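The values are calculated or read from the model by the stated rules, or taken from the named source; none is laboratory data. Please read all numbers here as calculations on a predicted model, not as lab measurements. All Cβ positions, glycine included, derive from the backbone under ideal geometry; neighbour counts span all protein chains shown.
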Amino acid sequence: MLLTGFEPFGGEAINPAQEALALVPDRIGALEIVKLILPVVFGTSIAVIRAALREHRPDAVLCVGQAGGRMEVTPERVALNLSDARIPDNENNRPMDEPIFADGPAAYFATLPVKDMAAAIRIAGLPARVSNTAGLFVCNHVMYGVLYHLAHELPDAIGGFMHVPYAPEQAARQATAQPSMAKDDIARAIAAAIGAIERHLAARR
C-alpha cells in the first residue's frame, strides 16, 4: 500500500498528515506500507506520486492531507477535474478554473471503501464521516491524479484520499477557535482506515 502525506503549506510550520505518517506502523495486516511525503505543488505532486505508483505498483493508495477547520477525519468520496486555488501553492502557483487532465472525466469517485473506513475510525474511538468535497486545492488535485493514473495504469488497484484536522499546536495559533486532533490520534485513525482497506482487499481475493 502507498500511503502519502504532505509537507507544510499556507504558512504553517507543520502538516499533521506528515507528522502522523511517521507514527503509522509499516505493516498493517497483510499490507506493507510504503510512505511518501508529497510537495504542496500543483503538477509536481502528481508527477511524484505517479513515479511511486510505477515503482511500487501498490494494491491500494491512501493519500492524507490537512483540512483546517474540520472536526473529524474525513475519507473523501469524490475528486473533481478542476483546480481553483484560494491560496498559492508552495511554489506560488495559483491555478484558477483549470482542468487537471484535459482528457479526464469531470470527476472520479474514490475506489477505497470510504464508508467502512469512516466506521472503522469511529470504532477506534475517533470522530469520522465521509466527505463529499475534497476542495479544489492540491488535495483534490492529488486525489484526482491518483485515480486518473490508477484507471490508466493500475486498473486493479484502489485509491482515494482522507482529510485530517489541525494538530493542537496549529489550532492554538489560529485567530478564531478551531477544532484539532492529537497526532497520535490521527495516526490511529489512519491505521484504522488502512485496516478497513486491508479487509476490503482480502474480501476481493
_Can you say whether residue 136 is in a helix (DSSP H, G or I) and either surrounded by fewer than 16 Cβ atoms within 10 Å (Cβ to Cβ) or aliphatic (A, V, I, L, M) (or both), as far as the supplied structure shows?_
no
*Within the stretch 21-59, track down each residue that is modelled with pLDDT of 95 or more, aliphatic (A, V, I, L, M) and touching an Asp or Glu at 6+ places or on another chain (Cβ under 8 Å).*
23, 28, 31, 33, 37, 38, 40, 41, 53
_For the structure I just gave you, tell me whether residue 79 is touching an Asp or Glu at 6+ places or on another chain (Cβ under 6 Å) and buried (at least 18 other Cβ atoms within 10 Å of the Cβ)._
no
*asked:* Any residue at all in the stretch 109-116 that's touching a Pro at 6+ places or on another chain (Cβ under 8 Å), in a loop (DSSP other than H, G, I, E, B), under 20 Å from residue 190 (Cβ atoms) and among the aliphatic types (A, V, I, L, M)?
replied: yes
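Does the stretch 174-183 contain at least one residue that is in a helix (DSSP H, G or I), under 17 Å from the mean Cα position of the chain (by Cα) and within 17 Å of residue 74 (Cα to Cα)? Step through it out loud before you land on a result.
Taking the stretch 174-183 as the starting set, the residues that turn out to be in a helix (DSSP H, G or I) are 183.
Adding the requirement that they be under 17 Å from the mean Cα position of the chain (by Cα) leaves 183.
From what is left, the residues that are within 17 Å of residue 74 (Cα to Cα) are 183.
Checking the stretch 174-183: at least one residue is in a helix (DSSP H, G or I), under 17 Å from the mean Cα position of the chain (by Cα) and within 17 Å of residue 74 (Cα to Cα).
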*Hits in the stretch 11-42 - residues which are assigned to a loop (DSSP other than H, G, I, E, B) and touching a Pro at 6+ places or on another chain (Cβ under 9 Å)*: 14, 15, 33, 40, 42
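Kindly provide the set of residues from the stretch 141-181 that are small (Gly, Ala, Ser) and loosely packed, with under 14 Cβ neighbours inside 10 Å, ordered by number. So that I can check it myself, show each step before the final result.
Just the residues of the stretch 141-181 that are small (Gly, Ala, Ser), to begin with: 145, 151, 157, 159-160, 167, 171-172, 175, 177, 180.
The answer is 172, 175, 177.
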*For the subset of the stretch 44-66 comprising residues that are small (Gly, Ala, Ser), in contact (Cβ under 8 Å) with a residue 60 or more places away in the chain and within 25 Å of residue 89 (Cα to Cα), which member is surrounded by the most Cβ atoms within 10 Å (Cβ to Cβ)?*
65
